[in-house]
Structures are given as C-alpha cells and as structure tokens.
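Report on one structure; see the data block that follows.
Throughout, read-outs are computed from the coordinates displayed, never taken from laboratory work. These numbers come from a predicted model, not from an experiment. Here the Cβ positions follow ideal geometry from the backbone for every residue, glycine too, while neighbour counts run over all protein chains shown.
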Amino acid sequence: MMLPMAESMAAIGAGIIMIGAALGIGLLFAVGLQSSARQPELQAKLQTAMIIGGAFIEGVALFALVICLMKG
C-alpha cells in the first residue's frame, strides 16, 4: 500500500522532469536555429546534431520519469 505523500511526491517529481526536458529541448532548438541562421551552409550538420540531442534529452527524461513513478 502506497502512502498518499509518496504518490504526490512522485507526481511533483514527474512534473519537474517534464519541465526540465521541455526547457532542454527548447534551448537546444533555439540555439540550433540561431546557429543555422548565422551559418546556413552548416544547416544539415546542425539539424542532425539537434535531432540526436533531442532524442537523448527525451530518452533521459523518459527514463527518469519511469524511475520516479516506480519509486512513488
């Protein structure tokens, strides 16, 4: 049986994880777009790096979310 406090802490942790992932992806793509605006010839390389970075951020966020919900 889970305690109500543990459930609420898991929900707060899940929210913090999602906020962090959203900020990380937002900053990643904002800086990537600024970089491609400054050097358009590197757009293909920057786009590939942005997609890989976004996938890593999403993977870490999903893993942290699962751990948070398992502990709660």
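Out of curiosity, is Met50 surrounded by 12 or more Cβ atoms within 10 Å (Cβ to Cβ), assigned to a helix (DSSP H, G or I) and either small (Gly, Ala, Ser) or out of contact with any helix residue (DSSP H, G or I) (no Cβ under 8 Å at 6 or more places or on another chain) (or both)? When the stated conditions are applied, Met50 does not pass them.
Every residue, every condition in (1) part of a helix (DSSP H, G or I); (2) more than 12 Å from the chain's Cα centre (by Cα); (3) not hydrophobic (A, V, I, L, M, F, W, C), yes or no:
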| site | (1), (2), (3) |
| --- | --- |
| Ala6 | yes, yes, no |
| Ile16 | yes, no, no |
| Phe29 | yes, no, no |
| Gly32 | yes, yes, yes |
| Ala37 | yes, yes, no |
| Leu42 | yes, yes, no |
| Leu46 | yes, yes, no |
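Considering the stretch 1-47, and only residues there that are surrounded by 11 or more Cβ atoms within 10 Å (Cβ to Cβ) and among the charged types (D, E, K, R), the residue that is nearest to Leu65 (Cα to Cα) turns out to be Glu7.
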